[in-house]
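Right, one structure below, let's go through it.
The values are calculated or read from the model by the stated rules, or taken from the named source; none is laboratory data. As the structure is a prediction and not an experimental result, all values here were calculated from the model. Virtual Cβ from ideal backbone geometry, glycine too; neighbours counted across all protein chains shown.
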Amino acid sequence: MIPTLWAPWRMQYIVGSRSAGCILCEKVKEGEDAKNLILARGPFAYVLVNIYPYSSGHLMIAPYRHLECLGKLSAEETSEMMAWASKSERILGDAFHAEGFNIGLNIGKVAGAGIDDHVHMHVVPRWSGDTNFMPVLGETKVIPEYLEETYAKLLPYYQAD
Ligand SMILES: [Zn+2]
């Protein structure tokens, strides 16, 4: 399967669509997980589809608490985030046939964090040759329907666990 890639190489948040509050806190409180593309909730952290993805299947993992860096998280929060990353690696491998992953955190604005006051981990599935698409489609807009398809495809895998 060749994935459709449309996201910018450097993630640019669309400022106009962001509210004043923290999007990672707001989404989880709304209780509308399908609308907010939340795939799974654990005791300390949750998994959601990134609405500004680098690639199809780009997920984010965040603790519920609004804290800006790993050092402020509890041991339970950090270990649950890693457990979700591990599970997501397996699920994206199964569902999207990902061949590799970039998994990591941008801490602070200088490091490129789009949301710099609520720490979150990115899980970006990769396929051989996928970087070839990125310069070409660099500024192409996100297609919301595609995000919903991604969500619908992944949800059963998280629910089955
Ligand atoms: Zn927050």
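Points worth noting:
- Residue satisfying all of: in the range 71-82; within 17 Å of the chain's Cα centre (by Cα) and closer than 16 Å to G104 by Cβ; nearest to the ligand (Cβ to nearest atom) among these: M81
- Test: I23 is at pLDDT below 95, buried (at least 16 other Cβ atoms within 10 Å of the Cβ) and within 14 Å of the ligand (Cβ to nearest atom): yes
- The single condition among (1) within 16 Å of the ligand (Cβ to nearest atom); (2) modelled with pLDDT under 50; (3) touching a His at 6+ places or on another chain (Cβ under 9 Å) that Y13 does not satisfy is (3).
- Count of residues meeting criterion [among the small types (G, A, S) and at pLDDT 95 or above] in the range 52-62: 1
- Scanning the range 35-69 for residues that are of a type in the set (V, I, T) and within 12 Å of the ligand (Cβ to nearest atom) returns no hits.
- Residue check, R65 modelled with pLDDT of 95 or more, within 16 Å of D117 (Cα to Cα) and in contact with a helix residue (DSSP H, G or I) (Cβ under 8 Å, 6 or more places away or on another chain): yes
- Complete set of residues in the range 83-119 that are within 15 Å of the ligand (Cβ to nearest atom), of a type in the set (A, V, I, L, M) and modelled with pLDDT of 90 or more: L105, I107, V119
- Output for the range 78-113, where each listed residue is touching a helix residue (DSSP H, G or I) at 6+ places or on another chain (Cβ under 8 Å), more than 25 Å from A152 (Cα to Cα) and in a loop (DSSP other than H, G, I, E, B): I107
Quick grid of which residues meet (1) at pLDDT 90 or above; (2) in a helix (DSSP H, G or I); (3) surrounded by fewer than 11 Cβ atoms within 10 Å (Cβ to Cβ):
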position: S128; (1), (2), (3): no, no, yes
position: F133; (1), (2), (3): no, yes, no
position: E139; (1), (2), (3): no, no, yes
position: Y146; (1), (2), (3): no, yes, no
position: Y151; (1), (2), (3): yes, yes, no
position: Y158; (1), (2), (3): yes, yes, no
